[in-house]
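Asks: Would you mind keeping the following structure in view while I ask a few things?
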Amino acid sequence: MAGSVRWSAGPLDRAQIRALGLVAPLLLFIGVTFIAPLGTMLMRSVHDPVVADALPETLAQLKSWDGEGLPPEAAYAALARELRRAAAARTLGQMAGRVNRVQVGLRSVVTRTARELREVEQGPWRTQMAAVDSAWADPATWYAIQVTGERFTARHYLNAVDLQQLADGSVAAQAEERRIYVRLFLRTLAVSGLITLLCLLLGYPVAHLIANSSPRRASLLLILVLVPFWTSLLVRTTAWIVLLQSQGVLNDLMVSLGLINDSGRLAMVYNMTGTIVAMTHVLLPFMVLPLYSVMRGIPATHMNAAASLGATPLRAFWRVYWPQSLPGVGAGALLVFILAIGYYITPALVGGSSGQLISNMIAYHMQTSLNWGLAAALGGVLLAGVLILYWLYDRLVGVERMGLG
């Protein structure tokens, strides 16, 4: 009996190995293109060793500093040596940039000090560095070096929610002029919710029409829905700029119809209006297709049966048809909302300054300011929001009820 068990276990193990071999390329692809970049992003949001690698002796001297007054002379001497060393190794700019993110203006202070002390061989270093720039006589400068010298830090996540850590270790709100990220997160959620609602209002009747049409007509309508997927996103967005600009097609049409005068042309692009219109157009197929896939499985006899029992068309729709289409509504709404909060190309082209979303700020820090730690933290907060949204949907509706065809 035991032998028969061992004999049957062998082929099962080989079958599992063959199955694993078949899915291995897909797992490798997902790992390389999705999991690894995601893990790198999350690691970068909390790990920043640039200052720690450049100023190890200085940071060792600052460990015993309590933040009150100025650090000892040994800290000044260590910093002077390491600034010259960093300049020779061409890492001074990166280190100065990190410190500058905590206290604006320190980049020029650090680079100028390294240049002025290049030929100096002996102290007193505190006096000489203070003579180069008075910032070295300010405890806030040393606190900035101490903070950025932490290899693992939550500083980027605090900045991502408009908070900062003070010298005494407490957490406080950023200055009023630097509180921008929470406002952008709220704007992104509000705009994504509005776009999801607009896509539902526009896509539901379209999906219903396709689902209840003849096969030939349904195929034609589906082709029209899928046409945007065959056109470049950049081309579609640029077309909306032509349509919505002050001298564009829509304004010219309204002027010719007498709806507005020539001096009262509407500003419909480079603002939030342009962002909402263009993104609704781009994301509408992602609402229509899940709705259609669910609606085509709803028998038309259900509505006829409700009507035969005396229900009005509106009551029959609300009590019979709508509940059966909810899996498609949930799938489409979740898909559109998640895609909307991550869009940045369309808002960047048609949004202007008032139509930017949090994704545009992430792209700015990745491509322009090169503050990858803060960009990764903003992306981490956005990822956490998406996961919370998915969890709430699962708890309230149930992922198993999602209909995608």
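Asks: Which condition breaks for P290 when tested against (1) surrounded by fewer than 16 Cβ atoms within 10 Å (Cβ to Cβ); (2) under 19 Å from A207 (Cα atoms)?
Replies: The one condition P290 does not meet is (1).
Asks: Next question, about the same structure. Of these, R217, R155, which one is touching a residue at least 40 places away in the same chain (Cβ under 8 Å) and more than 16 Å from the chain's Cα centre (by Cα)?
Replies: Testing whether each residue is touching a residue at least 40 places away in the same chain (Cβ under 8 Å) and more than 16 Å from the chain's Cα centre (by Cα) leaves just R155.
Asks: Is the stretch 88-103 home to any residue that is assigned by TED's automatic domain parsing to the domain that holds S134, at pLDDT 90 or above, touching a Pro at 6+ places or on another chain (Cβ under 8 Å) and open to solvent by 40 Å² or more (accessible area, probe 1.4 Å)?
Replies: There is no residue in the stretch 88-103 that is assigned by TED's automatic domain parsing to the domain that holds S134, at pLDDT 90 or above, touching a Pro at 6+ places or on another chain (Cβ under 8 Å) and open to solvent by 40 Å² or more (accessible area, probe 1.4 Å).
Asks: May I pose another question? Yes or no: R126 over 24 Å from the mean Cα position of the chain (by Cα), basic (K, R) and surrounded by 15 or more Cβ atoms within 10 Å (Cβ to Cβ)? Explain how you work it out, then say what you get.
Replies: Details: over 24 Å from the mean Cα position of the chain (by Cα): yes; basic (K, R): yes; surrounded by 15 or more Cβ atoms within 10 Å (Cβ to Cβ): yes.
It is true that R126 is over 24 Å from the mean Cα position of the chain (by Cα), basic (K, R) and surrounded by 15 or more Cβ atoms within 10 Å (Cβ to Cβ).
Asks: Anything in the stretch 48-78 that is over 17 Å from E150 (Cβ atoms) and outside any loop (DSSP other than H, G, I, E, B)? List them, or say none.
Replies: E73, A74, Y76, A77, A78 - these are the residues of the stretch 48-78 that are over 17 Å from E150 (Cβ atoms) and outside any loop (DSSP other than H, G, I, E, B).
Asks: Filtering the stretch 136-152 down to residues that are farther than 16 Å from W372 by Cβ and among the hydrophobic types (A, V, I, L, M, F, W, C), which residue is farthest from the chain's Cα centre (by Cα)?
Replies: The first filter runs over the stretch 136-152 and keeps only residues farther than 16 Å from W372 by Cβ, leaving 136-147, 149-150.
Cutting the leftovers down to among the hydrophobic types (A, V, I, L, M, F, W, C) gives us 136-137, 140, 142, 144-145, 147.
Working: W136: 38, A137: 40, A140: 32, W142: 33, A144: 28, I145: 29, V147: 26 Å.
Once the filter is applied, the top-ranked residue is A137.
Asks: When you check S192 against the structure, is it in the same structural domain as G297 (by TED's automatic domain parsing), in a helix (DSSP H, G or I) and out of contact with any strand residue (DSSP E or B) (no Cβ under 9 Å at 6 or more places or on another chain), yes or no?
Replies: Working: in the same structural domain as G297 (by TED's automatic domain parsing): yes; in a helix (DSSP H, G or I): yes; out of contact with any strand residue (DSSP E or B) (no Cβ under 9 Å at 6 or more places or on another chain): yes.
Yes: the conditions hold for S192.
Asks: So how many residues does the stretch 277-287 have that are open to solvent by less than 40 Å² (accessible area, probe 1.4 Å) and either under 15 Å from G203 (Cβ atoms) or not assigned by TED's automatic domain parsing to the domain that holds L194 (or both)?
Replies: Residues flagged as open to solvent by less than 40 Å² (accessible area, probe 1.4 Å) and either under 15 Å from G203 (Cβ atoms) or not assigned by TED's automatic domain parsing to the domain that holds L194 (or both) within the stretch 277-287 amount to 6.
Asks: If I ask for residues that are of a type outside the set (F, W, Y), crowded, with 19+ Cβ neighbours inside 10 Å and assigned to a helix (DSSP H, G or I), which ones from the stretch 137-176 would you list?
Replies: Answer for the stretch 137-176, where residues must be of a type outside the set (F, W, Y), crowded, with 19+ Cβ neighbours inside 10 Å and assigned to a helix (DSSP H, G or I): T141, A144, I145, Q146, V147, T148, R155, H156, N159, A160.
The values are calculated or read from the model by the stated rules, or taken from the named source; none is laboratory data. None of these values were measured; they are calculated from a predicted model. Neighbour counts run over all protein chains shown; Cβ positions are idealised from the backbone, glycine included. To get the accessible areas, we keep the full protein, side chains included, count just its heavy atoms, and leave off ligands, DNA and RNA. Shrake-Rupley method; radii C 1.70, N 1.55, O 1.52, S 1.80 Å.
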